[in-house]
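Below you'll find the structure, written out as structure tokens, and then a few comments.
The values are calculated or read from the model by the stated rules, or taken from the named source; none is laboratory data. Quick caveat, the model's predicted, so the values are computed rather than measured. With ideal geometry, Cβ positions are generated from the backbone for all residues, glycine too; neighbour counts draw on all protein chains shown. Side chains included, ligands, DNA and RNA excluded: accessible areas come from the protein's heavy atoms. Shrake-Rupley method; radii C 1.70, N 1.55, O 1.52, S 1.80 Å.
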Amino acid sequence: MPTPRETILTALHARLSALPATALRGEVLPERVPANGLLILRDGEPGEPEVTLSSLAYHYQHSAEIEAVVQGADRDAAFDTLAASIGTALAADRTLGGLCDWVEAEAPRPVDLPVEGAASLKAAVIPVVLHYSTADQLA
């Protein structure tokens, strides 16, 4: 049986997979960026939980990361569309079907990356904070 952490990350990846961009989880950046863009979900850091002792519960603000990458001549508009689609997908269900208390993306800090012999990339890491509680830090 998967842990609540893994279940939530799997649900987040499924939500990103519904977008037009290619969504991967924990993969390296491929040699080619798909035309609709690329999203790579990184598990991130659960951080130090707040603890409630009666009844025992660990409350996390887990910071996962989405690497968003687009390539092409109109990469500014493509990146804007991709980032907005992530926001819309998360806003549609802030609890990922009741798996967590709240999901919230933070603002991206995009950068342009030159690629020798090809169109430049526009990329950013989009932090996503997952608020959830569990009775066991390892389960």
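Put simply, of Thr88, Thr95 the only residue that is farther than 30 Å from Ala57 by Cα, under 16 Å from the mean Cα position of the chain (by Cα) and of a type in the set (Ser, Thr, Tyr) is Thr88. When the test is whether a residue is in a strand (DSSP E or B) and open to solvent by 40 Å² or more (accessible area, probe 1.4 Å), Leu24 passes it. Among the residues of segment 94-135, those that are more than 27 Å from Ala35 (Cα to Cα), touching a helix residue (DSSP H, G or I) at 6+ places or on another chain (Cβ under 9 Å) and of a type outside the set (Gly, Ala, Ser) comprise Leu96, Leu99, Cys100, Val103, Leu130, Tyr132, Thr134.
Residue-by-condition table, conditions (1) under 23 Å from Ala84 (Cα atoms); (2) of a type in the set (Gly, Ala, Ser); (3) in contact with a Cys (Cβ under 8 Å, 6 or more places away or on another chain); (4) modelled with pLDDT of 95 or more:
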{"residue": "His13", "(1), (2), (3), (4)": "yes, no, no, yes"}
{"residue": "Glu27", "(1), (2), (3), (4)": "yes, no, no, yes"}
{"residue": "Leu38", "(1), (2), (3), (4)": "yes, no, no, yes"}
{"residue": "Asp43", "(1), (2), (3), (4)": "yes, no, no, yes"}
{"residue": "Glu50", "(1), (2), (3), (4)": "no, no, no, yes"}
{"residue": "Ser55", "(1), (2), (3), (4)": "no, yes, no, no"}
{"residue": "Tyr60", "(1), (2), (3), (4)": "no, no, no, yes"}
{"residue": "Ser63", "(1), (2), (3), (4)": "yes, yes, no, yes"}
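Can we say Gly98 is loosely packed, with under 12 Cβ neighbours inside 10 Å, without any contact (Cβ under 8 Å) to a residue 60 or more places away in the chain and more than 30 Å from Ala119 (Cβ to Cβ)? Considered against the rule, which asks whether it is loosely packed, with under 12 Cβ neighbours inside 10 Å, without any contact (Cβ under 8 Å) to a residue 60 or more places away in the chain and more than 30 Å from Ala119 (Cβ to Cβ), Gly98 comes out as yes. Tell me, which residue of segment 41-60 that is surrounded by 14 or more Cβ atoms within 10 Å (Cβ to Cβ) and aliphatic (A, V, I, L, M) is farthest from Asp136 (Cα to Cα)? In this case the residue turns out to be Leu41.
Conditions (1) under 22 Å from Pro4 (Cα atoms); (2) open to solvent by less than 60 Å² (accessible area, probe 1.4 Å); (3) of a type in the set (Asp, Glu); (4) in a helix (DSSP H, G or I), marked per residue:
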| residue | (1), (2), (3), (4) |
| --- | --- |
| Arg32 | no, no, no, no |
| Ala35 | no, no, no, no |
| Leu39 | no, yes, no, no |
| His62 | yes, yes, no, no |
| Ala78 | no, yes, no, yes |
| Arg94 | yes, no, no, no |
| Asp112 | no, no, yes, no |
| Val125 | no, no, no, no |
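Just one of the numbered conditions (1) at negative phi; (2) open to solvent by 80 Å² or more (accessible area, probe 1.4 Å) is not true of Ile66: (2).
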